[in-house]
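See below for the structure under consideration.
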Amino acid sequence: MVNKELNIVHLYPDLLNLYGDKGNIACMEHRLKWRGIGANILACTNKDNSMNLEKADIIFVGGGSDREQEIVCELLLKKKDELINYVENGGVLVAVCGGYQLLGKYYQTANSKIEGLGILDIYTDAGDTRLIGNVVLESELFEQKITGFENHAGRTYIGNHTPLGKVLYGHGNTGESGYEGVVYKNIIATYLHGPLLPKNPMLCDHILGCAMRRKYEDFNGFAALDDTLENTANKYIEDRFLKK
Amino acid sequence: MRKILAIWAAKLSAVAGRMIGKKSSSTPGDIALKICPDIIKILSKNVKKGIIVTCGTNGKTTTNNLLNTALLKCGYKTVCNNLGANMVNGIATAFAMASGITGKFEADYAVLEIDEASARRVFAHLTPDYMVITNLFRDQLDRYGEIDITVDLLNESINMAKSVKLILNGDDPLTVQFGEGRDAKYFGISEQVLPQIDETKEGQFCVKCGHEQAYNFFHYSQLGDFYCPNCGNSRPAIDFDATEVDLSGSMKFTVNKSVKIDVNYRGFYNIYNILAVYSALSVMGVDTSGFNSMLADYKPQIGRMELIDLGKPVILNLAKNPAGFNQAIQTVMLDKRKKDVIVAINDLANDGRDVSWLWDVDFDKLSDENLNTLTTTGIRLYDISLRFKYADVKVNNITKSMKEAIKRCLKTDAEVCYVLVNYTALFSTQTTMLEIQKELKAGGNENGK
């Protein structure tokens, strides 16, 4: 049997590196390796500009400051068609925070309008206040709640797209809509930044599963892992902020 | 009259706070400001020689208090917020407590550390003559937004104090930018000291043109001899530099090729704190000839590699952001004794509610053959435990009780125990350590030793 492996392309970790996005990469890598599946982390940096989507099984794009996000937008616009093609063909894309915003049509800041990739039919306006705090979501994908932390000035309007979850605690996409993130084909886009996946192992496995199914016809699910610590960390946030 | 009332109320509140065991140094100031909103403005007019403030992400308490110690040693009278309360209310507390009950207040210098985000509010009350900026690192993002916002806030504050003399870390591109077109002196470490490792560099893009920066050598985070290959922006000429750095025993270095510093401090970052103080004193025109003995007089704030004897040495250290934690880990790893390590992470307002910064700390470096056991605790004990799990570092004990954690470490055969905590865990941990010390003494007597 040939050893299975996934290629995870981390887009511009040198530019978009706020809020410990490394944690999400480490989580995907470890959860594959613990199951005997190979994980190749391919960092595409501004320095080497090595973005190669042909090999990608999962693309991850994180958050940065407005300034850095603008640079990344410019770089990615050159690859726009390739990225759209990838997504429409079921390619897995995980976008967090700033990465989420740039999948939309545009991000309107106080000073400028940053053109997005237009992969999703969504747009973002900068608000006067930042939406900050712990978040608990109810998602149709999982029984377990999704827990995390948000910190964004942008208000993202998702139109007819399916949200990642319903906000049980926190602000979400606009602070008013009651929903957070977007799920489209194999895209997971969310404002929940940093170590989202370590504390939401079911979400991590969902993402990895999508990539495995797309790559290997004979993939029939993952072996269970001991997620006691992961689930305890997740449940702690749920219990603390959802007072029953 | 309002002034005197405000001073009395603040003093009373401080006494009451001490009686119920509360160590807050903000509340008395809050009360004073309510009674007399101009209390800082009125009292700070009586500062005779100058007001010096210290801002920056890391090292401001040490720098500020060291500066205060030095000025006291020179015989000056000072007012200083040396308990670390560094917003408007903390400054009001410092002034109120330094006043007599008749409202009389006199000082040669006001020596104040100020929270970056609060600087513009503080400067509405008083105008500093000198300002030290130690560095800017990623810290408590949920409170400050992003580092760009901190830069804007500080620029706004500096513009409010037009004739202020700046004393800036010349190795930090983010800090250097404040000196542009202003009256500024720079301090820096002018030789390569540490191995050139790759860690999170916050200010990796040129503040002028956005191009990626390069370094002739760098110290940690984004500090070093930086330059921009694109626009030519670079580390400025350094007015106060450290060379001949030797960290093998005590801390030794030479300032401006002539002043030899030799102190029993730990941690590379303390070179910057000492340099900042030396630079500030020089700019202020204070005699620095007894500088080494000034340093020897300084009692570090609690939790700055604070050694407490609990039958074996237990060392308590505060670290509250990735740069601080990476430096703490480096200091721990330099100690080659067999050791137990306890890490406590809280997420209260003063810590920053967001703990995602834990994933920007190089915790994997903590694991080596000298690490005996690792314990996690604090409000976010599960998050820090998960962080270690995904860094492939084994956590031996996860507990909600700091007391249990320390007691367990006292029983192991490790020679030393390090306790790394973030902000709000600091005071409670120190209290716990002193409790254990007391119990050990009492227990010792019962056994007739």
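The values are calculated or read from the model by the stated rules, or taken from the named source; none is laboratory data. Since the model is a prediction, treat every value here as computed from it, not as a measurement. For neighbour counting, all protein chains shown are included, and Cβ atoms are generated from backbone atoms with ideal geometry for every residue, glycine included. Protein only, heavy atoms only, side chains kept; ligands, DNA and RNA dropped before computing areas. Shrake-Rupley method; radii C 1.70, N 1.55, O 1.52, S 1.80 Å.
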Review point. So which of A:Ile237, A:Ile187 ends up being open to solvent by less than 10 Å² (accessible area, probe 1.4 Å), farther than 22 Å from A:Leu120 by Cβ and either modelled with pLDDT of 95 or more or within 14 Å of another protein chain (Cβ to nearest Cβ) (or both)?
Key: A:Ile237
Review point. For A:Ala110, which of the numbered conditions (1) part of a loop (DSSP other than H, G, I, E, B); (2) farther than 22 Å from A:Cys204 by Cα; (3) modelled with pLDDT of 90 or more fails to hold?
Key: (3)
Point to revise | Selection status of A:Asn160, away from chain B (no Cβ under 14 Å), polar (S, T, N, Q) and in a loop (DSSP other than H, G, I, E, B) | key: yes
Exercise for review: Would you be able to say whether some residue in region B:223-234 is outside the structural domain of B:Gln330 (by TED's automatic domain parsing) and touching a Leu at 6+ places or on another chain (Cβ under 9 Å)?
Suggested key: no
Review point. If you go through region B:337-357 one residue at a time, do you hit one that is hydroxyl-bearing (Ser, Thr, Tyr), touching a helix residue (DSSP H, G or I) at 6+ places or on another chain (Cβ under 8 Å) and open to solvent by 10 Å² or more (accessible area, probe 1.4 Å)?
Key: no
Point to revise | Some residue of region A:56-63 being within 11 Å of another protein chain (Cβ to nearest Cβ) and among the aromatic types (Phe, Trp, Tyr) | key: no
Check your understanding: Quick check: is even one residue across region A:31-45 within 24 Å of B:Ala214 (Cβ to Cβ) and not in a strand (DSSP E or B)?
Key -> yes
Check your understanding: Among the residues of region A:190-206, how many are more than 14 Å from every other protein chain (Cβ to nearest Cβ) and in contact with a helix residue (DSSP H, G or I) (Cβ under 7 Å, 6 or more places away or on another chain)?
Key -> 1
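Can you tell which of B:Ile302, B:Ile379, B:Ile384 is in a helix (DSSP H, G or I) and either under 30 Å from B:Leu83 (Cβ atoms) or among the aliphatic types (A, V, I, L, M) (or both)? Break it down stepwise before answering.
Working: B:Ile302 fails: in a helix (DSSP H, G or I); B:Ile379 fails: in a helix (DSSP H, G or I).
It is B:Ile384.
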**Study point:** Matching residues in region A:20-31 - criterion: being open to solvent by less than 10 Å² (accessible area, probe 1.4 Å), out of contact with any Cys (no Cβ under 7 Å at 6 or more places or on another chain) and either more than 15 Å from A:Asn200 (Cα to Cα) or facing another protein chain (nearest Cβ under 8 Å) (or both)
**Key:** A:Gly20, A:Asp21, A:Gly23
Study note, to complete from the structure: Residue pairs within 7 Å by beta carbon, gap of at least six or interchain, first lying in region B:16-29 and farther than 22 Å from B:Ile4 by Cα, second outside any loop (DSSP other than H, G, I, E, B) and modelled with pLDDT of 75 or more, listed first then second, are B:Lys23/B:Phe427
Check your understanding: Got a sec? Which of A:Lys145, A:Lys166, A:Lys215 is touching a residue at least 60 places away in the same chain (Cβ under 8 Å) and surrounded by fewer than 18 Cβ atoms within 10 Å (Cβ to Cβ)?
Key -> A:Lys215
